[in-house]
Amino acid sequence: MKPVVVRPFEADDLVGAARALVEVHETDGYPVEGVEDPRAWLKSDDVLAAWVAEVEGEIVGHVSLMRPQGEDAVSLWIAQSGDDEAHVAVLARLFVVQAARKHATGRSLTEAAMAYARAQDLRLVLDVMTKDAAAIRLYERLGWRRIGEATHHYGSGQSIQAVCYVSPEA
């Protein structure tokens with residue numbers, strides 16, 4: 001595979017990122033929501049910053065930092081740390097198409113988001129579905145610390161278990 005380039009998300013990336021999101025959903029069942037209108041899910045007004053991974057101009061991955069919206073990981077971190085919501089962001093919408101895995105693509109995307117958060121004095125939190133073992137391994141390898149568990153509710157009354165993490169200190 002050619003080199004993976006990670007760079008900030010641009011408006012022209014929306015179509016390619018949406019296509020990659022739908023592909024990841026078909027192979028992995030991630031995300032559990034958002035694929036009905038992937039462009040809207042990726043271009044939410046709550047996105048603080050986002051990055052894409054590309055190979056020869058094709059989008060193969062994505063990650064974003066989001067403003068807190070009442071996520072369990074945010075509440076858990078604030079309760080445990082005494083931090084305030086203005087200094088917390090949510091790492092979200094991380095996905096990599098199957099063909100680009102095993103090339104540190106997820107790691108590179110996550111590290112770009114972490115570097116940005118440090119520069120903005122933001123502490124990152126996230127929740128990850130317990131079924132997504134590869135994502136859990138990635139976060140733990142990068143030094144993220146487990147801070148609790150949650151039930152992620154989505155769709156029409158559906159739910160799935162999740163684990164909440166906080167990024168390492170700068």
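Every read-out reported here was derived from the displayed coordinates using simple, explicitly stated rules and does not represent laboratory data. Because the structure is a prediction, the values reported are computed rather than measured. Positions of Cβ are backbone-derived with ideal geometry, glycine not excepted, and every protein chain shown enters the neighbour counts.
Report Rg/Rh for the range 62-146, rounded to two decimals, where Rg is the Cα radius of gyration and Rh the Kirkwood radius. Please list the in-between numbers first.
Working: Rg = 12.9 Å, Rh = 13.4 Å.
Expressed as Rg/Rh, it is 0.96.
How big is the chain by the Kirkwood estimate over distinct Cα pairs, in Å? Could you put the intermediate results ahead of the total?
Details: mean 1/r = 0.0622 Å⁻¹.
By the Kirkwood definition, the hydrodynamic radius is 16.1 Å.
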For Lys2, the lysines lying under 29 Å Cα to Cα, once residues fewer than eight places off in the same chain are dropped, come out as Lys43, Lys102
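Please compute, over every Cα-Cα pair in the range 97-170, the percentage with a separation greater than 13 angstrom. Walk me through the intermediate numbers first.
Numbers: 1885 of 2701 pairs.
For the range 97-170, the share of Cα pairs beyond 13 Å comes to 70 percent.
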Between His153 and Leu48, the two model label points (7 Å from Cα along the beta-carbon direction) sit apart by a distance in nm of 2.6 nm
Going 7 Å from the Cα of Glu26 toward and past its Cβ, which residues in the range 62-92 have a backbone nitrogen under 18 Å from where you end up? 62
Which whole-number percent gives the relative contact order of the range 1-143, counting Cα pairs below 8 Å spaced six or more residues apart? 24 percent
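Largest first and in whole Å, what are the equivalent-ellipsoid semi-axes of the range 1-70 based on the Cα gyration tensor, each being the root of 5 times an eigenvalue?
That gives 19, 16, 10 Å for the three semi-axes.
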Between the range 114-146 and the range 148-170, how far is it from one alpha carbon centroid to the other, in angstrom? 12 Å
